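Please read the structure below before turning to the comments.
The values are calculated or read from the model by the stated rules, or taken from the named source; none is laboratory data. Computed from a prediction, not measured in an experiment: that's the story for all the values here. Cβ atoms come from the backbone with ideal geometry, glycine included; neighbour counts cover every protein chain shown. SASA here: full protein model, heavy atoms, side chains in, ligands and nucleic acids out. Shrake-Rupley method; radii C 1.70, N 1.55, O 1.52, S 1.80 Å.
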Amino acid sequence: MPFTRFVETGRIAKCAVGKYKGRLVCIVNVIDQNRVLIDGPTHGVPRQQFAVNHLHLTKFRVRFPFTARTRVVRDALEKFEIKKKFAETQWQERAAAKYRRFNMNDFDRFKLRLARRERNRIVSKQYNKMKKEVVRNGMLFGKLKKGTKPLPPKRKPEDAKKLKPKKKKKPAKDGKKAAPAKKK
């Protein structure tokens, strides 16, 4: 799949560092290879220059004229319904989960630990039940039941040596032994 998230006018990005970390902004103009002019009127980010390596580019792009005013950018973002579309992404779900995890208190962490322990008990119980069934019918190891096809026998190391033919060294043309190869 070719690369599609270009640094271009109208590209929606998420601020990665600084005062506006986590807010959505829109690239209004590309200043040079390392900096862009951003504007985020719907998320409270004023128009400013921002380093490209401090932005996470999204798949969304809004159409508006080159170096448009803030009012035009706001109208384009509201018409595009960026908040609604971004809320549906997995990116937003992960961010919300991270926020919830960060704001947990001690009691919440305790309840989470108990819930994970209970879940692991249920999963282990079901796994052992399935494993027991597989062992019983001979699919994993153990005695095979009638009607099941046995696995081919494993090769012994001696059999493997027999299969490999030995290479014969060719003598030198004038009858002398060839000199050993020099190590580099």
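Some notes on this structure:
- Unmet criterion (only one of (1) more than 30 Å from I12 (Cβ to Cβ); (2) modelled with pLDDT of 65 or more; (3) among the charged types (D, E, K, R)) for R94: (1)
- In the stretch 2-19, residue farthest from the chain's Cα centre (by Cα) [restricted to those that are surrounded by 17 or more Cβ atoms within 10 Å (Cβ to Cβ) and of a type in the set (D, E, K, R)]: R11
- Looking only at the stretch 20-38, and only at residues there that are of a type in the set (D, E, K, R) and modelled with pLDDT under 95, the one that is surrounded by the most Cβ atoms within 10 Å (Cβ to Cβ): R23
- Test: residue in the stretch 10-17 that is touching a residue at least 12 places away in the same chain (Cβ under 8 Å), among the small types (G, A, S) and touching a helix residue (DSSP H, G or I) at 6+ places or on another chain (Cβ under 7 Å): yes
- Only one of the listed residues (T58, T67) is within 13 Å of K14 (Cβ to Cβ) and not in a helix (DSSP H, G or I). That residue is T58.
- Number of the exception - W91 against (1) within 17 Å of C26 (Cβ to Cβ); (2) surrounded by 11 or more Cβ atoms within 10 Å (Cβ to Cβ); (3) without any contact (Cβ under 8 Å) to a residue 12 or more places away in the chain: (3)
- Positions within the stretch 118-158 being aromatic (F, W, Y) and either modelled with pLDDT of 90 or more or open to solvent by less than 90 Å² (accessible area, probe 1.4 Å) (or both), in sequence order: Y127
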